[in-house]
Structure formats: structure tokens, C-alpha cells
Amino acid sequence: MSIEIDGVNKRFGDFVALENVNVSLPTGQLTALLGPSGGGKSTLLRIIAGLERADTGTVSIEGVDATRMSPRKRNVGFVFQHYAVFKHMTVAKNVAFGLEIRTHGGLRPPWTSRRLRDRERMQARVDELLKLVHLSQFADRLPSQLSGGQRQRMALARALAVQPKVLLLDEPFGALDAKVRKELREWLRRLHDEVPVTTVFVTHDQEEAMEVADEIVVINEGRIEQVGTPDSLYDEPANEFVMGFLGEVTRLGELRLRPHDIEVGLGPDLAGSTPVDVLRVTRVGFEVRLVAGTEEGQEVSVVTTRAHARALDLEEGRRVWLTPSNGTATVPAMKSLRVG
């Protein structure tokens, strides 16, 4: 289901959480809302869910104005960073909870043939979801008997149980350690390919957004800085903020560019080469990181390979020449340009 955000503004007292936000999220797409803490991304997600109400502007889901709809009527699934679980319920019963509420409104009707059919359908749905999130063997366990990653997969299964039009994830892996986060984001990408429900997730982790999302909405100080695919944002950043937020940036002359987009040579063989002296050499895994100083006293960060560093015999005090690689992302000194 497509989502249209049109002219949304939101304040909390004097604090501007969102300012004139306009964005379209296509049907079936996995979109990341990426930005620093306090930038407005979670507020936007909660407005899409109906958990917060915009001061002005509209939210449409599949062409229907949902601005004043209750969260339940929007038919969205929501997963928080600190997933709420029913500790006394098994994994299967946690996943089935939303189905119980939707089918019987939370009441326990008398046993009838219709209720038996409903129970069979719910059980089949729960079994299907547990298999999808690789938790079938844990159906009868309590949440306390699961790892953090398994509990988060359970929370996602519960959100998907009611077959929502839209799945919303607020920092879904933020409370987990780095190794589990990486495993889960790879799993989420595969899951989305299998169940292509329109999905929006909030993250401040650039690598997570770049690895998982079809499209990224970069939000800062309540406004949208840029919208695009991971490749387009990385290769063609709209401004310094986007470039800096999506990866390390260094400065060579008046250009801002990425350290790995600088070629290192032993002479001024290429046009535009800048002479520098190597100040520090650090080997990190398969990379070699240099800090070099220009004749004007400017420090430049450079990343190259171990093989290239050995070939040039790079060491502190050596004179080398730096040249921006052809076709690299560069942003001259400029003011932030925002959209929306």
C-alpha cells in the first residue's frame, strides 16, 4: 500500500519536530527513515501509524485520507525497539494475540463450530508465521527462554499476523548487539522479499539503511534533506549533511570527498594533484589509513589498500601526491539544501 505524506508539521511546545514534510512511499517498498537522534524520524513514523497526530498536513494510505483515522483502522503493524511481550504467554500465543483481538475483540465467546473454525485458521496462520521467522521449534517456549534476536523475530511475526497493509519498525534492532543486528537486518531484507508488504523502518545506523532499504529518506532537524536509493545518496549527495551522514568525509582543497575516493601517487602525474606529506599510517584489516598534511597545513584523510601502500612504500614523512578519483562523489563547500 502506498503512503503519501503531504505538508506535515508537528510541534511539541516550542520544539519543531517536523516542518513541511512531503514524501511518497511506493507500494511494496522497504523504506528507511534515516537521521540523527531528535531529527524527527520516529515522530514521522508515529504519525503514519496514527500514534501521533500532525498539527497540519495529511497522511494518505493507498489513496485514502488516514489523517484522522485511529491506528486500528489504518491496518498497520508496528514494532518498537523495546518490543512489548506477554511474559506469561508462549511464543505461539504472543504471535496469536493480535489475531484473537481482531477476531473476537478480546472476548472469549462460547464454544461454537464457528469459533472452532476461527481457531483452526488462527493456528494455521501462527504456524505459517513461526515457520517464516524460523521460530517453529520455539512455539511452546516463553519469551524469557529466547535470545534477543529471537524475541525481535517473534515481535515481527506478531505484527505480520494480522496481515497489515503497512509494517512500521521503530529502531527494531537498536537494543541488540552488533553481530545480532547484522544478522537480523540481513534476515529482514530476505523476509521483505518473501512478504513484500510496504515497510518503513527508522534507524540512525547508516550501514543498516544502506544495506536493507530500497529507498532512504534522510531527515534532519525536522526536515527532509534528500530522498533516494542507497547508491544515489552515496554517489550524489545533495549537500554536506547527507554526504557526511552517509560516510566519512575529508577535505582536499575546497572539495569534500570520501577518503577512499582519493588516489595516491609518487609524483604529480595527474592533473589536479596536490603534494602532501604523510603524517600517520594506520593499518586496519585490509585497509591502510593515511593522514597527510598539505603545504597549507590542512590535514587530509585517505584510505587505500595494503597492496597499494606496500607498492608506494608509504611511511611517515614520505612526500606523495593526492588526486580525486574520476567520477567520485564530491561536494564543494556549500550551505545545506533541503527538500520538502
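The values are calculated or read from the model by the stated rules, or taken from the named source; none is laboratory data. This one's a predicted model, so the numbers in the text were calculated from it and none came from an experiment. Note that each Cβ is placed from the backbone with ideal geometry, even for glycine, and that neighbours are counted across all protein chains shown. Each accessible area value is taken on the protein alone, full model and side chains, heavy atoms only, with ligands, DNA and RNA left out. Shrake-Rupley method; radii C 1.70, N 1.55, O 1.52, S 1.80 Å.
For the stretch 305-315, how many residues are open to solvent by 20 Å² or more (accessible area, probe 1.4 Å) and not in a helix (DSSP H, G or I)?
3
Counting just the residues of the stretch 215-238 that are open to solvent by less than 60 Å² (accessible area, probe 1.4 Å) and assigned to a helix (DSSP H, G or I), which one comes out modelled with the lowest pLDDT?
Only one residue fits best here, namely Tyr234.
Among the residues of the stretch 316-340, write down those that are under 30 Å from Val21 (Cβ atoms) and either at pLDDT 95 or above or open to solvent by less than 50 Å² (accessible area, probe 1.4 Å) (or both).
First, pick out the residues of the stretch 316-340 that are under 30 Å from Val21 (Cβ atoms): 329-340.
Across the stretch 316-340, the qualifying residues are Ala329, Val331, Gly340.
Identify all residues within the stretch 36-91 that are open to solvent by 60 Å² or more (accessible area, probe 1.4 Å), in a strand (DSSP E or B) and not acidic (Asp, Glu); write none if there are none.
Listed by number, the residues that qualify are Thr56, Val64.
Phe241: open to solvent by less than 40 Å² (accessible area, probe 1.4 Å) and either within 19 Å of Asp205 (Cα to Cα) or modelled with pLDDT under 95 (or both), yes or no? It would help to see each step written out before you state the result.
Values: open to solvent by less than 40 Å² (accessible area, probe 1.4 Å): no; either within 19 Å of Asp205 (Cα to Cα) or modelled with pLDDT under 95 (or both): yes.
No; evaluated as a whole, the condition is false for this residue.
Residues of the stretch 1-30 being within 18 Å of the chain's Cα centre (by Cα), surrounded by fewer than 22 Cβ atoms within 10 Å (Cβ to Cβ) and outside any loop (DSSP other than H, G, I, E, B), which ones?
Result: Val23, Ser24.
Please give the helices (runs of 4 or more DSSP H) falling wholly within the stretch 145-214 in which 1 or more residues are within 22 Å of Leu246 (Cα to Cα) and without any contact (Cβ under 8 Å) to a residue 12 or more places away in the chain. Let's see the steps before the verdict.
Working: elements: 148-161, 178-194, 206-212.
Of the helices (runs of 4 or more DSSP H) lying wholly inside the stretch 145-214, those with at least 1 residues that are within 22 Å of Leu246 (Cα to Cα) and without any contact (Cβ under 8 Å) to a residue 12 or more places away in the chain span 178-194, 206-212.
Taking the condition of being open to solvent by less than 20 Å² (accessible area, probe 1.4 Å) and at positive phi, how many residues in the stretch 130-166 meet it?
0
So how many residues does the stretch 249-281 have that are part of a loop (DSSP other than H, G, I, E, B) and touching a strand residue (DSSP E or B) at 6+ places or on another chain (Cβ under 7 Å)? Show your work before the answer.
Filtering the stretch 249-281 down to residues part of a loop (DSSP other than H, G, I, E, B) leaves 249, 253-254, 258, 266-273.
Retained after the next criterion (residues that are touching a strand residue (DSSP E or B) at 6+ places or on another chain (Cβ under 7 Å)): 249, 253-254, 266-268, 270, 272-273.
Final tally of qualifying residues: 9.
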